[in-house]
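K.L.:
Would you mind keeping the following structure in view while I ask a few things?
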Amino acid sequence: MNDAGRFSALALESVERRYGRGETAVEVLNGASLALYSGQSVALIAPSGAGKSTLLHLAGLLERPSAGEVMVAGKATSAMTDDERTALRRNQIGFVYQFHHLLPEFSALENLVLPQMIAGLPRAEAGARARELLGYLGLAARETHRPAELSGGEQQRVAIARAVANGPRILLADEPTGNLDPKTANHVFGTLAALVKATGLAALIATHNLELAARMDRRVTIRDGQVVEMA
Ligand code: ADP
């Protein structure tokens, strides 16, 4: 796809990230650039230790680069205060991890309602949005279930719904189906891909699953600290 001229939801611009100093310093990212566009899912495929988590943390404003810029929704973030970065993260970025991290003592519905209420939405509105999302993800009959009463695939679909409950523009996922059997992974991934298209999210998904990666719009890897497009 030709992305020339399109406004990117997320852009890493010549990002550098090193850990430590002097002779023992590890240069993980060294001029890494990547642009993510609305309605597009991008697979991040790279061997362990290549820097996938580092890149996701930088993109998610959980860490700051040693050099370079991270643009979120058109805003340069490097000069922002921690509070400004946190606000931008809350409004614009959703996260999905390999393990769902749902609150165990709350129902699926409540797990979606809480982050919206924390963001300032009234309970009724948050509830309506939560029901809509759970319905969209095929979980209408699971609203009152707690995470332990859900299957692995259902838990992960609730985690995806929670990640987008506050209407972020960007979704970052770290091995979101890594803990699921192939059939369930395939189903969860299909749901995620449909959600990206339906809501115009820009999604960056780290995965080792090449079959699923092949179904995404783009594939990138990290080579010598830089982001490289794959076929
Ligand atoms: P991946 O997610 O692709 O496995 P990471 O981003 O976790 O890779 O790590 C990339 C490299 O950076 C690894 O060599 C790792 O040891 C190193 N690294 C990551 N975090 C730190 C840290 N906090 N301190 C020192 N080295 C780190």
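K.L.:
Scan region 216-229 and report the pairs whose first residue is more than 13 Å from Pro47 (Cα to Cα) and whose second residue is within 12 Å of the ligand (Cβ to nearest atom) and of a type in the set (S, T, N, Q), with Cβ atoms within less than 6 Å and a gap of 6+ or a chain change.
P.N.:
Val228/Thr221
Quick grid of which residues meet (1) touching a His at 6+ places or on another chain (Cβ under 9 Å); (2) open to solvent by less than 70 Å² (accessible area, probe 1.4 Å); (3) closer than 30 Å to Phe7 by Cα:
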| position | (1), (2), (3) |
| --- | --- |
| Glu84 | no, no, yes |
| Val96 | no, yes, yes |
| Glu105 | no, no, no |
| Leu139 | yes, yes, no |
| Arg162 | yes, yes, yes |
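K.L.:
From Asn179, Asn166, grab the single residue that is buried (at least 20 other Cβ atoms within 10 Å of the Cβ) and in contact (Cβ under 8 Å) with a residue 60 or more places away in the chain.
P.N.:
So the residue among Asn179, Asn166 that is buried (at least 20 other Cβ atoms within 10 Å of the Cβ) and in contact (Cβ under 8 Å) with a residue 60 or more places away in the chain is Asn166.
K.L.:
Scanning for something touching a residue at least 24 places away in the same chain (Cβ under 8 Å), part of a strand (DSSP E or B), within 30 Å of Gly190 (Cβ to Cβ) and open to solvent by 20 Å² or more (accessible area, probe 1.4 Å), does region 1-19 turn up at least one residue?
P.N.:
Scanning region 1-19 turns up at least one residue that is touching a residue at least 24 places away in the same chain (Cβ under 8 Å), part of a strand (DSSP E or B), within 30 Å of Gly190 (Cβ to Cβ) and open to solvent by 20 Å² or more (accessible area, probe 1.4 Å).
K.L.:
Also, quick follow-up: Among (1) in contact with a Leu (Cβ under 9 Å, 6 or more places away or on another chain); (2) farther than 19 Å from Arg89 by Cα; (3) among the basic types (Lys, Arg), where does Lys52 come up short?
P.N.:
In the conditions (1) in contact with a Leu (Cβ under 9 Å, 6 or more places away or on another chain); (2) farther than 19 Å from Arg89 by Cα; (3) among the basic types (Lys, Arg), Lys52 misses (2) alone.
K.L.:
Just the residues that are more than 16 Å from the ligand (Cβ to nearest atom) and acidic (Asp, Glu), please, taken from region 151-190.
P.N.:
Selection gives Glu154, Asp181.
The values are calculated or read from the model by the stated rules, or taken from the named source; none is laboratory data. Not measured: the values here are computed from a predicted model. No Cβ is skipped: glycine too gets one built from the backbone with ideal geometry, and neighbour counts run over all protein chains shown. When the accessible area is computed, the model is the full protein with side chains, heavy atoms only, and any ligands, DNA or RNA have been set aside. Shrake-Rupley method; radii C 1.70, N 1.55, O 1.52, S 1.80 Å.
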